[in-house]
Amino acid sequence: MHREIRVQEQDFSVAAEYGAARERLGACAGAVASFVGLVRDLRSGAADEAVEALCLEHYPGMTERSIEAIVAEAAGRWPLLDVVVIHRVGRLEPAAQIVLVQAASAHRSAAFAACEFIMDYLKTEAVFWKREESRDGARWVEATAEDRHRVSDWNGGG
Amino acid sequence: MKVEVRFFASLRDAAGLDVREVILPDEASFDSLMNALEHELQAGALDALRADNVRVALNQELTQPPFELAEGDEVAFLPPVTGG
């Protein structure tokens with residue numbers, strides 16, 4: 001399986017990553033699923049407060065390994081052929097792309113499920129921190145109860 | 001011996017710095033590091049580092065204190081993470 005994990009400040013192109021995966025895959029994959037996360041302009045949990053920027057911080061080395069562990073777990077659950085995770089860091093303004101998860105498999109169910117699984121684990125396990133900046137100041141964001149619940153569901157918990 | 005200590009996100013705010021080199025006697029432990037930090041960081045920082053939801057990494061591996069330290073170790077304090 002081809003796996004690629006990048007943590008970077010610069011933006012990414014979904015078309016370029018999809019094109020590169022198709023070149024690698026040839027005719028063996030029947031499905032490529034992509035998920036892109038974007039910066040919203042509203043503060044999580046407080047609908048009326050505008051977010052001016054999201055600042056993402058990471059721990060170089062440990063962060064990449066935390067994503068590798070998530071991808072390895074996904075590869076153990078589904079027959080994946082190709083996985084790309086690109087996660088941006090630094091100061092991102094609303095509408096900016098934050099994260100790309102792209103998974104290829106012979107069939108769509110594995111590609112869809114792997115994208116969702118990897119995203120759910122990125123929310124709760126990957127070594128990143130997010131600070132939301134708004135007119136009234138900045139605050140650190142934490143994974144929500146729903147994020148944690150979704151990860152628990154993947155492990156058969158309630 | 002020298003140990004490098006790193007503080008991330010809200011803990012960097014609490015500590016007032018992101019990295020600090022700490023000199024410890026040989027055969028020092030995590031507890032001796034915390035005692036040293038108590039004198040080196042601003043007031044209130046130690047309480048933040050000791051919060052239940054803070055995890056500790058030793059040389060970039062999550063490690064549950066207490067543990068022994070060696071020359072050149074890197075200790076990081078990680079508040080709750082979230083990506084995606």
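State the antiparallel share, in %, of DSSP beta bridges confined to the protein assembly as shown, rounding to the nearest 5.
Working: 43 of 54 bridges.
Here the antiparallel bridges make up roughly 80 percent for the protein assembly as shown.
What average number of partner chain Cβ atoms lie no more than 10 Å from the Cβ of the residues making up B:59-71? Working shown, then result.
Working: counts 2, 8, 2, 3, 0, 0, 0, 0, 0, 0, 0, 0, 0.
Whole-number average of other-chain Cβ neighbours for B:59-71 is 1.
Averaged across the residues of A:116-128, what count of C-beta atoms belonging to other chains lies within 10 Å of each residue's C-beta?
Taking all residues of A:116-128 together, the mean is 3.
Work out, step by step, the length gained on full extension between A:F112 and A:W154: first 0.36 nm times the residue separation, then minus their alpha carbon distance; give nm to one decimal. Walk me through the numbers on the way to the answer.
Numbers: separation 42, 0.36 × 42 = 15.12 nm, distance 1.40 nm.
Taking 0.36 nm per residue and subtracting the Cα distance, the gain is 13.7 nm.
Per residue of B:7-13, count partner chain C-beta atoms within 10 Å of its C-beta, then hand back the mean as an integer. Show your work: numbers first, answer last.
Values: counts 0, 7, 10, 5, 2, 2, 3.
Partner-chain Cβ atoms within 10 Å, mean over residues of B:7-13: 4.
If amide H atoms are built 1.01 Å from N in the plane of the peptide, which residues on other chains or at least 5 residues away come under 5 Å of the amide H of B:A28?
Hits under the 5 Å cutoff: B:L69.
Where the centre of each part is set by its Cα atoms, how far does region B:3-31 sit from region A:114-131, in angstrom?
One Cα centre to the other: 26 Å.
How much length is gained if the chain between B:E74 and B:N53 is pulled fully straight, taking 0.36 nm per residue apart and subtracting their Cα-Cα distance, in nm to one decimal? Walk me through the intermediate numbers first.
Values: separation 21, 0.36 × 21 = 7.56 nm, distance 1.99 nm.
Going from the current span to full extension adds 5.6 nm.
Based on alpha-carbon positions alone, could you give the equivalent ellipsoid semi-axes of chain B from the gyration tensor, as √(5λ), descending, whole Å?
19, 15, 11
Answer with one residue from A:C115, A:G37, A:L25: the one whose Cα lies farthest towards the positive end of the charge dipole of the protein assembly as shown, charges on Cβ with Lys, Arg +1 and Asp, Glu -1.
Farthest towards the positive pole: A:L25.
Using the Karplus curve 6.51 cos²θ - 1.76 cosθ + 1.60 with θ = phi - 60°, work out ³J(HN,Hα) for each residue of region A:93-102 in order, rounded to whole Hz, and write x for Gly and Pro.
Values per residue, Gly and Pro as x: 8, x, 5, 5, 7, 9, 9, 10, 10, 10 Hz.
Using DSSP to define loop residues, name the chymotrypsin sites (Phe, Trp or Tyr not before Pro) in region B:4-84 whose beta-carbon has at most 12 other beta-carbon atoms within 10 Å.
Answer in residue order: no site qualifies.
Can you give the local net charge around A:L56? Use residues other than it whose beta-carbon is closer than 11 angstrom to its beta-carbon, Lys and Arg +1, Asp and Glu -1.
With Lys, Arg at +1 and Asp, Glu at -1, the net is +1.
Just so you know, all these numbers are worked out from the coordinates, no wet-lab data involved. Bear in mind that the values here come from a model prediction, so they are computed numbers and not experimental data. Glycine gets a Cβ as well: all are built from the backbone with ideal geometry, and neighbour counts include every protein chain shown.
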